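One structure is given below, encoded as structure tokens.
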Amino acid sequence: MTRTTLLASGATLAIGIATGALLAQQQPQGPQPFFVGNRLGLPINPAADGAFEAMSSNVKVYGSVYSAESCSYDAERGVIVVPNRGVPQNVQANNSWVTFLNHDGSVHTSRWLGIQPPEQRANLTPPLVLNEPYGSDIMNGVLYLADRDGGATATEPSVGVIRKFNLKTGAPAGEVKVEKSPWLNDIEVAEDGTIYATQTGVGGQTPDPSTWVVWRVASDGAVSSFIQGAPLRQPNGVAIDPQGNIVVVNIGNAEVLTFAPDGKLVKTENAAQAGNDGLVIMPDGTKYVSSVLNGGVSRIRPGQPAELIARNIPNAASMCYDAGGKQLVIPMNANNGMAFVPLN
């Protein structure tokens, strides 16, 4: 490194420190009304008088996701909603946030939920808690996130929590604890507000089939086991098909299982690869399945065998369908990026 480079790096560091100090001074102290972040532009925090100017259209920003496990599509805004898990609970609690992306992958809003640092979130009215969200879904103007509480230490119990947020304002809209579940993976919400949530299980190299569960949370908050054990094998992605059946994909094999609302298994299909995570079902019944272990995207048309339409996507997690862009959007987990697969 040259002396010029060292001087430039030192100047950049000094500017960064000064900017950080200035921002810290500008942060409001004490109880504050609940607010969400502006789209890219200034001011970053919503102004009291509502003043805001968007970033100029000749500037593009991509990325802005960190350890994303799922996404959902907000048809009203026309954006892809991406929960970022942030750091694990045992590093820092209440560290997660939600990003909005445009159809081309550029950033609409870097931090919508979670613009505040963890130490400020308790002072919001209402307070914000968002620890480590995995699955997500949008239904009837509500953003649902599969989160968890606890687990900050090796001895502290972890419990799965489904948190709800008003999609217009971002304000918390209630939560349901699934007391018997240490953590929840994917979720799907029916029109009537019933939530289906997968518990992929525990046990490491010797998995315990009794911990493979799909939970059902009624609209009144009552929690029950929908399916437990076989034919589940480490259930992950879950979705509802056009007939109202509940469809589950496994990590432990290639099976795609369709259950009637009463829990009866009515169909078993197979993806082109095992190790699956994401599941999207189209209005015509076509299923798309992403393999987090093997990187492929399977298409299963009704009555036909699966075919691979995309390959080798690292850590292809719980994808969503971007109806505005007519594409699958796939979070790549630890790769901190999003893959886009156009559908013809």
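Looking at the range 132-196, the strands (runs of 3 or more DSSP E) lying wholly inside it that each contain 3 or more residues that are closer than 20 Å to Arg121 by Cβ sit at 142-150, 158-166, 172-178.
Considering only residues that are of a type in the set (Phe, Trp, Tyr) and not in a loop (DSSP other than H, G, I, E, B), look in the range 21-73 and name the one that is modelled with the lowest pLDDT. Residue satisfying both the conditions and the ranking: Tyr62. Filter the range 70-106 for residues that are of a type in the set (A, V, I, L, M, F, W, C) and open to solvent by 10 Å² or more (accessible area, probe 1.4 Å) and give the result. Scanning the range 70-106 gives Ala75, Val87, Val91, Ala93, Trp97. If you go through the range 111-145 and pick out every residue that is crowded, with 23+ Cβ neighbours inside 10 Å and of a type in the set (Asp, Glu), you end up with 2. Among the residues that make up the range 153-172, is at least one of them charged (D, E, K, R) and surrounded by fewer than 17 Cβ atoms within 10 Å (Cβ to Cβ)? Yes. Look at the range 111-126: where a residue is under 17 Å from Leu145 (Cα atoms), no partner that is assigned to a helix (DSSP H, G or I) and open to solvent by 30 Å² or more (accessible area, probe 1.4 Å) sits 6+ places away or on another chain with Cβ atoms under 7 Å. Entry remark, the range 191-204: residues being buried (at least 16 other Cβ atoms within 10 Å of the Cβ) and closer than 17 Å to Ser225 by Cβ number 8 in total.
Checked against (1) over 21 Å from the mean Cα position of the chain (by Cα); (2) of a type in the set (D, E, K, R); (3) within 21 Å of Asn294 (Cα to Cα), Asp208 passes all but a single condition, namely (3). Taking the range 216-240 as the range and being within 18 Å of the chain's Cα centre (by Cα) and open to solvent by 20 Å² or more (accessible area, probe 1.4 Å) as the test, only Ile240 passes. Hey, any hits in the range 200-212 for a residue that's in a strand (DSSP E or B) and modelled with pLDDT of 95 or more? No, there is no match, as no residue in the range 200-212 is in a strand (DSSP E or B) and modelled with pLDDT of 95 or more. For the range 243-289, the candidate set comprises residues that are part of a strand (DSSP E or B) and among the acidic types (Asp, Glu); within that set, the residue that is surrounded by the fewest Cβ atoms within 10 Å (Cβ to Cβ) is Glu255. Can you tell me which residues in the range 292-334 are under 20 Å from Ala239 (Cα atoms), under 14 Å from the mean Cα position of the chain (by Cα) and of a type in the set (Gly, Ala, Ser)? Scanning the range 292-334 gives Ala316, Ala317, Ser318. The residue pairs whose first member lies in the range 218-233 and is closer than 28 Å to Ala254 by Cβ and in a loop (DSSP other than H, G, I, E, B), whose second member is open to solvent by less than 30 Å² (accessible area, probe 1.4 Å) and among the aromatic types (Phe, Trp, Tyr), and whose beta carbons are closer than 7 Å, counting only pairs six or more residues apart or on different chains, are Gly229/Trp212; Leu232/Trp212; Arg233/Trp212.
The values are calculated or read from the model by the stated rules, or taken from the named source; none is laboratory data. No experiment lies behind these values; they were computed from the predicted model shown. Positions of Cβ are backbone-derived with ideal geometry, glycine not excepted, and every protein chain shown enters the neighbour counts. The area values use the complete protein model at the heavy-atom level, side chains included, leaving out ligands, DNA and RNA. Shrake-Rupley method; radii C 1.70, N 1.55, O 1.52, S 1.80 Å.
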